[in-house]
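One structure is given below, encoded as structure tokens.
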Amino acid sequence: MRTASADVPVRHPIGDRLPAIYAENEFTQRFTAALDEVIAPLFAVLDSSADYFDPALAAPDFLDWLCSWVALEADEGWAPRQRRDLIGAAVAMHRRRGTVDGLARQVELLTGGTVEVTDTGGCVANAEHGGPLPGTDPGQVLVVVRVADPAAVDPAAVRASVAESVPVHLRVTVEVVGGAPAGNTNGSGT
């Protein structure tokens, strides 16, 4: 939670900007000095406002707010480093949302591991109006994550993140296995 800061330095004193007739008046200088103490925190916030919007610099309590700006559902189990990485990559990930590569990149940022995504989905068209629906299998997305320490990754959190990014009718399976993460090796999908 944010609290008031004590003794914020006055970087832009009002008294220094007054015309000469007021600059020499003791009452005016005391009055503007009191205003400076009230306005100094505002200037401090405005001077550092860019830091609030940069995921690498933002305070940890602002990360959830930034997640909401880029349409990420923040999980309480995510470490601040994971949140910063996901927020920073959000625009690029939204461009690739719904693709195997985009899903693999998202899981890679969450886990730090090597990710392989297998998508059994596809698209079938029927030339006849009102014909039978094709197939009975709703499809599946299988995500295999290779990390050095599988116990450090919460499969339920990864599954929830994947389920949010794929069509609702698909089954989602996440496997976390041991192995040295070497790089992204995305499986092919449709």
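Things to note:
- For the stretch 1-61, pairs of C-alpha atoms spaced more than 15 angstrom apart make up 59 percent of the total.
- Here the accessible area is traced with a 1.4 Å probe on the protein chains. For the stretch 31-104, carbon and sulfur cover 61 percent of it.
- Working note: Karplus 6.51/-1.76/1.60 with θ = phi - 60° gives the stretch 91-100 the couplings 5, 5, 5, 5, 5, 9, 4, x, 9, 4 Hz, where Gly and Pro are set to x.
- Entry comment: accessible area of the stretch 33-107 is 59 Å² per residue, from protein heavy atoms only and a probe of 1.4 Å.
The values are calculated or read from the model by the stated rules, or taken from the named source; none is laboratory data. These numbers were taken from a predicted model, which means no experiment stands behind them. Calculation scope for accessible area: heavy atoms of the full protein, side chains included, ligands and nucleic acids excluded. Shrake-Rupley method; radii C 1.70, N 1.55, O 1.52, S 1.80 Å.
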